[in-house]
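The values are calculated or read from the model by the stated rules, or taken from the named source; none is laboratory data. Everything quoted here is computed from the prediction, not taken from an experiment. Virtual Cβ from ideal backbone geometry, glycine too; neighbours counted across all protein chains shown. To get the accessible areas, we keep the full protein, side chains included, count just its heavy atoms, and leave off ligands, DNA and RNA. Shrake-Rupley method; radii C 1.70, N 1.55, O 1.52, S 1.80 Å.
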Amino acid sequence: MMELPKPMHPLISLVDYESIKREPFESKVNLKLDFYSISLKTNFNGKVKYGQLEYDFDEGIFSFIAPKQVFRVEFEKGIELKLSGWLLLIHPDFLWGTALAKKIKQYEFFSYDANEALFLSDKEEKKIIEIIKNIEQEYHSNIDNFSQSVIIAELDLLLTYSDRFYNRQFITRKKDNHRILNQLDTFLTGYFNNVDLAIKGIPTVELIAGNLNISANYLSHLLKMLTGQSTKQFIHDKLIDLAKEKLSTTDLSVNEIAYSLGFEHPQSFSKLFKSKTNFSPIEFRQSFN
C-alpha cells in the first residue's frame, strides 16, 4: 500500500519515512495492523485519528500502537506530503521465547490515544534516534543466531527510555494534568449526586475516561503519578466520602445508602467501607454520634 521495499527481516520492518515515495491518499484510510508499531514522526502534515480523537502531527512526536488497534490516517488534498522520522514494526512472533514478549504488554502507552502521544525534547529525541540507528545497523546485517537477541536488547532499551520519558511528560505537563484531575473530580461529583445513581451503578473506568476524552490507561497512569492511586481507588475514595456524609447526616439505613451509591449488594458496600476506614458503616455512625 505504501509502495515500500520488502523488509530486510521476516518479522521486523524499519522504515525511514523520507523513503516513502507514495502519493498521499486521496482523503483518508483506516488501518489495523498485525504488529506493534513504534513511530517517531517529525514534520508530518497529515493527521492521525484513534477512535474519536484526532491529532495533528505538526511537531516531532513519538507514538505507539499495539496489534489489532484501528487508527485512521488523513491527508489534505493538494498538499504535498512532508514526513521524516522512523517507523519500527515488530510482529509479536519475533518476541516469542523472550522476556520482552510479556513485558511489552505491560507498557500502557501502547493503548494510549493519539492526543496522548509522547512529546520528546531534543535531548530525548537524540537518544531515541541513537537506539533506532543501532537497530537499523543490525536490521541491515545478515541474519544470524545473534540477530534476534541484539534487536530485542535494543528494543527493550527503547521501551524503557520511552516509559521514562512518559513519566517525565506527566510531571512537566502539570497544567494539563491538573485540568484533567479537576474535570475528573467534577464529573464524579455530578455523577454521584445524580438521583439515578442507584439505577446506573458505580461508574466504570472506561465510562469516566470516555467522558474526559482520554484513554482508560492514560487516566490510570496519570492518577498514579499525581495521587499514587489507580482510577478505581480514586472512585472508591469518592464513594467513601459520600458514604461518610450520608452516615453522619441522614437517618438512611446502611442498605439504603449502599443502593443510593450504586452498589447492587449492601455487603459489597460494607466490605469496601471497612477496608477503607477500619470501621463497619454501623460502627462509623455510632462512633460519629
Quiz item: Hey, rough spin-label estimate for ILE143 and ARG179, points 7 angstrom out along Cα→Cβ, what's it come to in nanometres?
Solution: 4.8 nm
Quiz item: Top mean-square fluctuation among PHE187, PHE110, PHE62, Gaussian network model of the chain, C-alpha springs under 10 Å?
Solution: PHE187
Practice problem: Using the charge dipole of the chain (Lys, Arg: +1 at Cβ; Asp, Glu: -1 at Cβ; taken about the Cα centre), state which of ASN30, ILE214, LEU87 has its Cα farthest towards the positive end. | Solution: ILE214
Self-check item: Estimated FRET transfer efficiency (ASP237, GLN69; beta-carbon r; R0 51 Å; 0.05)
Solution: 0.95
Self-check item: Cα-Cα pairs of the range 182-267 separated by more than 19 Å (percent)
Solution: 38 percent
Practice problem: Counting only GluC sites (Glu not before Pro) that are in a DSSP loop and have at most 14 other C-beta atoms within 10 Å, tell me the longest site-free stretch of the chain. | Solution: 81-263
Exercise. Assuming R0 = 41 Å, can you tell me the calculated FRET efficiency for the pair THR189 and VAL29, based on Cβ-Cβ distance, to the nearest 0.05?
Key: 0.50
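Apply the a/c threshold of 1.5 to the C-alpha gyration tensor of the chain and tell me whether it is rounded, prolate or oblate.
It comes out prolate by the Cα gyration axes.
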Quiz item: Once every DSSP H run of n ≥ 4 in the chain is given -39500 (n - 2.57) and the sum is divided by its residues, what mean residue ellipticity at 222 nm do you get, rounded to the nearest 500 deg cm²/dmol?
Solution: -15000 deg cm²/dmol
Quiz item: How far apart, in nm, are two points set 7 Å out from the Cα along the Cα-to-Cβ line at ASN211 and at LYS6?
Solution: 5.4 nm
Exercise. Just the number, please: carbon plus sulfur as a percent of the accessible area of the chain, 1.4 Å probe, no ligands or DNA/RNA counted.
Key: 50 percent
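Of LYS102/LYS274; LYS102/LYS133; LYS174/LYS246; LYS41/LYS174; LYS127/LYS276; LYS28/LYS174, which pairs sit farther than 32 Å apart, going by alpha carbon to alpha carbon?
LYS102/LYS274; LYS174/LYS246; LYS127/LYS276; LYS28/LYS174
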Quiz item: Taking only protein heavy atoms and a 1.4 Å probe, what accessible area per residue, in Å², does the chain have with all protein chains in place?
Solution: 56 Å²
Quiz prompt | Simple label model, 7 Å out from Cα along Cβ direction - ASN255 to GLU18, nm | solution = 7.4 nm
